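We did not get these values from a lab; they are worked out from the coordinates using the rules stated. Note that the structure is predicted; figures quoted are calculated from it, not measured. Positions of Cβ are backbone-derived with ideal geometry, glycine not excepted, and every protein chain shown enters the neighbour counts.
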Amino acid sequence: MSNLIQSVRGMNDCLPDVTDTWQAFEAIVRDWLRRYGYREMRTPILEHTGLFKRAIGEVTDIVEKEMYTFVDELNGESLALRPEGTASSVRAVIQHNLLYDGGKRLWYTGPMFRHERPQKGRYRQFHQVGVEALGFAGPDVDAELIVMCADLWRALGIAPTLQLNTLGDYESRQRHRAKLIAYFEAHQDVLDEDSKRRLHSNPLRILDSKNPAMQALNDAAPKLMDELDDAALTHFDALQGLLRANGIAYEINPRLVRGLDYYNRTVFEWVTDQLGAQGTVCAGGRYDGLIGQLGGKPAPAAGFAMGIERLLSLMEVAGTPLETAVPDAYIVHAGEAAQAFAWQVASALRAANLSTILHCGGGSFKSQMKKADASRARYAVIIGDDEAAAQQVTLKPLRGTAEQTRVEVALAIEYLKKA
Ligand code: ATP
Ligand code: MG
């Protein structure tokens with residue numbers, strides 16, 4: 001066994017039973033996005049490293065220490081596995097001039113990669129569903145994004161709570177930044193190593209520190225809220241008005257700054273206390289500067305991303321049932337004539353949209369029936385030489401207490417569709 005190659009640490013296989021659950025989840029999500037008029041976009045998993053450096057920011061956890069970056073040996077280019085989806089979405093929107101005729105409502109889903117310490121709810125390959133509303137200045141679209149999240153939580157049978165904040169605009173952030181630097185410089189002795197390094201490059205991120213020793217210092221730090229200008233405050237007020245009008249409860253958390261640099265004005269997180277330390281299931285906000293920062297014609301934008309693994313865990317805690325599909329029929333057959341007829345029956349059942357497994361590999365009826373049971377199918381469709389001669393099948397329910405019956409194929413199909 002020592003030469004067995006295992007999967008990469010922090011990257012999980014999704015076996016069929018689990019995949020069934022994921023597909024049921026994805027079906028709910030797709031339908032939800034369709035109802036809000038959002039359209040799916042698919043971008044490559046690999047991008048130029050520079051895209052993420054420019055979009056997410058050089059002095060962020062992701063770019064500094066979590067990104068899978070490598071040099072393509074064939075041409076010397078630096079590439080990265082995408083750590084999130086917004087940078088790629090915005091890159092594609094600019095590259096294909098998608099905003100030429102107005103705003104776009106887009107979404108994506110797929111694997112993201114971050115070199116983090118694996119633990120429950122934190123993986124090196126994880127999956128997100130992301131939603132981006134590009135070209136809308138808000139605050140109505142900010143409210144739409146939040147209201148649609150609340151709608152999805154209802155469909156998933158979960159109830160995370162909403163934390164909300166505003167980061168204001170560029171000028172007020174600069175004013176706040178200057179005050180923060182002065183404040184932290186005056187308290188150098190309390191700063192940890194990470195914070196010292198960020199003091200001049202990204203002091204706002206010091207507030208994001210999870211180090212308990214830094215909490216008191218951070219609590220007393222100058223507040224961005226005190227620097228906000230009227231336009232940002234009006235935006236924030238209007239958003240809150242829309243949320244209240246739509247019955248969305250929220251808590252304003254002035255400490256919420258988000259780990260990515262591109263946000264301005266609205267930021268929000270949906271959090272739960274039911275998943276231990278990994279309590280944020282969805283996070284997002286406004287990023288009006290990003291399109292311009294990536295070389296596009298400046299346009300406002302907002303969006304969010306949710307972690308599928310964390311949402312599925314939360315649904316498990318909440319006990320939300322997810323309907324997963326089982327095969328309708330497992331066809332067992334013995335004898336040459338029976339086998340030829342079994343192929344015809346299988347094809348008729350499948351044409352009628354029934355999920356049908358045709359037994360392969362021969363063997364006795366008894367051993368085939370065992371396989372039928374193990375397949376989770378609702379019915380065994382039994383075909384012996386008698387049935388083949390009469391062009392009929394015997395239907396045997398594998399669940400419940402109904403009797404077995406022998407019928408024509410057309411009737412069997414009707415029966416299977418109803419039952
Ligand atoms: P955290 O503070 O938990 O590291 P984050 O701020 O880095 O989260 P975002 O970049 O905002 O996360 O990603 C959006 C969502 O994706 C998160 O709220 C979370 O649900 C999920 N997520 C992020 N990183 C991981 C990971 N390594 N494993 C599983 N899910 C993740
Ligand atoms: Mg993180």
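List of remarks:
- Those residues of the range 172-191 which are without any contact (Cβ under 8 Å) to a residue 12 or more places away in the chain, of a type in the set (G, A, S) and in a helix (DSSP H, G or I), in sequence order: A178, A182
- Residue selected from the range 148-200 under the condition of a type in the set (V, I, T) and within 27 Å of G289 (Cα to Cα), by the criterion nearest to the chain's Cα centre (by Cα): T166
- When residues of the range 207-260 are limited to those that are surrounded by 13 or more Cβ atoms within 10 Å (Cβ to Cβ) and among the small types (G, A, S), the one nearest to T280 (Cα to Cα): G259
- The helices (runs of 4 or more DSSP H) found entirely in the range 212-306 that carry 2 or more residues being touching a strand residue (DSSP E or B) at 6+ places or on another chain (Cβ under 8 Å) are 230-245, 290-293.
- Filter pass, I56 being among the aliphatic types (A, V, I, L, M) and closer than 26 Å to L204 by Cα: yes
- Of the strands (runs of 3 or more DSSP E) entirely within the range 42-155, none holds at least 3 residues that are among the basic types (K, R) and in contact (Cβ under 8 Å) with a residue 40 or more places away in the chain.
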